[in-house]
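Below is one structure, written out as structure tokens; the observations come after it.
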Amino acid sequence: MNKPVSIIDEAGAQHDAAAASPFMNLHEIVAKARANLNQNDWDYIVGGTETETTLRRNRMALDSVALRPRVLRDVSKVDPSVEVLGRKLRLPIVLCPVGSLESFHPGGAEPVVKAAAEFGVAHMLSSVCDPGLEEVAHAAPNALRMFQLYVRGDAAWADAHVERAIENGYSAFCITVDTAHYSRRERDLAKRHVTAGRRRVQGRDFQMALDWKTVARMKSKFKIPFAIKGIGTAEDAKIALDHGVEIVYVSNHGGRQLDHGRGSTEVLPEVVEAVAGRAIIVVDGGYYRGTDIVKAIALGANLIGLGRMQCYGLAAAGQAGIVRMLEIMEDEVTRALGLLGVTSFGKLDRSYLHAAAPANAPHVFSAFPLWEHEPYRY
């Protein structure tokens with residue numbers, strides 16, 4: 001794991017490393033991904049459900065939070081690492097579960113988990129992504145790996161997946177609970193395009209029938225840390241805690257399920273208050289920049305999930321693209337922490353945040369305003 005970063009001493013080295021890469025900024029990775037993908041696969045990454053209001057509110061919630069810097073503090077050495085599930089991570093990031101990654105790179109999830117291991121962040125594998133959980137475990141046995149399941153069978157079917165995850169060294173098991181009904185993704189419907197995800201809908205009745213009894217049964221039978229992905233209220237966060245859930249995952253599926261929902265960052269404070277330190281809190285939904293990571297941690301999250309940003313890196317340059325994306329994000333995070341006047345995430349709290357009007361109109365690319373000048377503009 002890397003030592004704490006000295007912004008002053010390593011500025012030259014960071015510049016040299018960046019100069020050796022084809023990507024100097026995150027928006028260049030997005031542009032390269034757009035150039036590499038056909039329209040259907042591109043729409044799968046960037047699209048949401050129906051009016052895409054929830055998707056935009058993810059960014060609006062983040063862009064409605066301003067930073068309050070403190071000055072004249074020694075920030076010559078900044079350490080952006082964290083410890084989660086007994087593992088030290090270089091950044092508080094999980095490359096979160098994305099289905100059908102093989103649409104963006106022939107290796108599917110394999111280059112993603114290898115990138116997570118190479119850089120030093122967590123990885124959560126989707127059960128509707130190739131290759132399977134055994135192959136991904138073998139590809140990066142030392143990575144902090146978690147497995148996410150869409151339930152497509154009975155109790156024995158689900159239990160078998162938990163057992164396989166435990167046998168293959170996964171550190172946590174997750175079920176997604178915000179997909180009881182598959183949403184109307186109008187970009188695909190308008191083109192009459194059937195995505196790989198929609199082709200994998202066999203057994204959806206089992207997902208529709210999930211309830212808290214399912215969680216209770218699985219928690220009573222298995223000792224692996226359990227995550228619920230798709231929490232959107234303090235009420236459900238409290239119920240998850242009552243069932244012994246160790247990881248509360250705040251998510252609206254990137255704006256791809258319920259339309260007209262709240263942005264994840266808007267939901268986060270009430271969940272943090274409800275959890276009150278009794279579980280790990282993961283959040284995703286519109287997080288693309290280092291300052292986004294800083295805001296989420298200041299609000300009380302423990303890990304931030306990267307979904308679309310993961311896909312951009314993968315489509316741009318495979319494993320190397322994801323590693324480079326994380327390197328740039330680390331640089332952004334480190335500088336943001338230093339300019340706020342803190343040397344680690346442990347020094348952050350809500351006193352460093354302030355409500356503010358968004359400066360950019362919220363949409364899936366409002367975190368990349370310079371991309372407006374690129375040839376692959378959305």
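Quick notes on this structure:
- Checking each residue in segment 108-132 for being part of a loop (DSSP other than H, G, I, E, B), touching a strand residue (DSSP E or B) at 6+ places or on another chain (Cβ under 8 Å) and among the small types (Gly, Ala, Ser) picks out Ala109, Gly120, Ser127.
- Picking from residues in segment 297-315 that are over 29 Å from Asn36 (Cβ atoms) and either in contact with a Phe, Trp or Tyr (Cβ under 8 Å, 6 or more places away or on another chain) or free of Cβ contacts under 8 Å to residues at least 12 places away in the same chain (or both), the one that is surrounded by the fewest Cβ atoms within 10 Å (Cβ to Cβ) is Ala298.
- Candidate set from segment 239-262 (those that are closer than 22 Å to Leu85 by Cβ and not aliphatic (A, V, I, L, M)); member that is surrounded by the fewest Cβ atoms within 10 Å (Cβ to Cβ): Asp242
- The number of residues in segment 61-84 being over 17 Å from the mean Cα position of the chain (by Cα) and either hydrophobic (A, V, I, L, M, F, W, C) or over 22 Å from Gly120 (Cβ atoms) (or both) comes to 15.
Residues checked against (1) within 25 Å of His181 (Cα to Cα); (2) touching a Leu at 6+ places or on another chain (Cβ under 7 Å); (3) β-branched (Val, Ile, Thr):
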{"site": "Glu28", "(1), (2), (3)": "no, no, no"}
{"site": "Ala31", "(1), (2), (3)": "no, no, no"}
{"site": "Arg34", "(1), (2), (3)": "no, no, no"}
{"site": "Trp42", "(1), (2), (3)": "yes, no, no"}
{"site": "Val46", "(1), (2), (3)": "yes, no, yes"}
{"site": "Thr51", "(1), (2), (3)": "yes, no, yes"}
{"site": "Leu55", "(1), (2), (3)": "yes, no, no"}
{"site": "Pro69", "(1), (2), (3)": "no, yes, no"}
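- Exactly one residue out of Thr265, Thr233 is open to solvent by less than 20 Å² (accessible area, probe 1.4 Å), of a type in the set (S, T, N, Q) and touching a helix residue (DSSP H, G or I) at 6+ places or on another chain (Cβ under 9 Å): that is Thr265.
- Qualifying residue in segment 209-222 (condition: in contact with a Lys or Arg (Cβ under 8 Å, 6 or more places away or on another chain), surrounded by 14 or more Cβ atoms within 10 Å (Cβ to Cβ) and not hydrophobic (A, V, I, L, M, F, W, C)): no
- Glu135 part of a strand (DSSP E or B), at pLDDT 95 or above and either out of contact with any strand residue (DSSP E or B) (no Cβ under 6 Å at 6 or more places or on another chain) or aliphatic (A, V, I, L, M) (or both): no
- Residues in segment 121-135 that are closer than 17 Å to Pro106 by Cα and either in contact with a Ser or Thr (Cβ under 7 Å, 6 or more places away or on another chain) or of a type in the set (Val, Ile, Thr) (or both): Val128, Cys129.
- Residue within segment 184-195 that is over 22 Å from Trp42 (Cα atoms), surrounded by fewer than 18 Cβ atoms within 10 Å (Cβ to Cβ) and in contact with a helix residue (DSSP H, G or I) (Cβ under 8 Å, 6 or more places away or on another chain) present: no
- Total residues in segment 221-256, condition more than 18 Å from Phe147 (Cβ to Cβ) and part of a loop (DSSP other than H, G, I, E, B): 6
- Of everything in segment 130-155 that is of a type in the set (A, V, I, L, M, F, W, C) and within 19 Å of Ile228 (Cα to Cα), the residue that is surrounded by the fewest Cβ atoms within 10 Å (Cβ to Cβ) is Ala155.
- Residue within segment 351-358 that is more than 16 Å from the chain's Cα centre (by Cα) and surrounded by 19 or more Cβ atoms within 10 Å (Cβ to Cβ) present: yes
- Residues satisfying the stated conditions in segment 49-85, i.e. open to solvent by 60 Å² or more (accessible area, probe 1.4 Å), over 21 Å from Leu268 (Cβ atoms) and assigned to a strand (DSSP E or B): Lys77
- Of all the residues in segment 86-102, those that are open to solvent by 60 Å² or more (accessible area, probe 1.4 Å) and either under 14 Å from His123 (Cβ atoms) or in a loop (DSSP other than H, G, I, E, B) (or both) number 2.
- Residue within segment 252-260 that is acidic (Asp, Glu) and within 17 Å of Gly47 (Cα to Cα) present: yes
- Contacts under 8 angstrom Cβ, first residue in segment 316-330 being over 16 Å from Ala31 (Cβ atoms), partner charged (D, E, K, R) and surrounded by fewer than 22 Cβ atoms within 10 Å (Cβ to Cβ), 6 or more apart: Gln319/Lys114; Gln319/Glu118; Val323/Glu118; Leu326/Arg90; Met329/Arg289; Glu330/Arg90
The values are calculated or read from the model by the stated rules, or taken from the named source; none is laboratory data. Note that the structure is predicted; figures quoted are calculated from it, not measured. Heads up, the Cβs are rebuilt from the backbone with ideal geometry, glycines too, and the neighbour counts pull from every protein chain shown. Ligands, DNA and RNA are stripped out before the accessible areas are found, and what is left, the full protein with its side chains, is counted by its heavy atoms. Shrake-Rupley method; radii C 1.70, N 1.55, O 1.52, S 1.80 Å.
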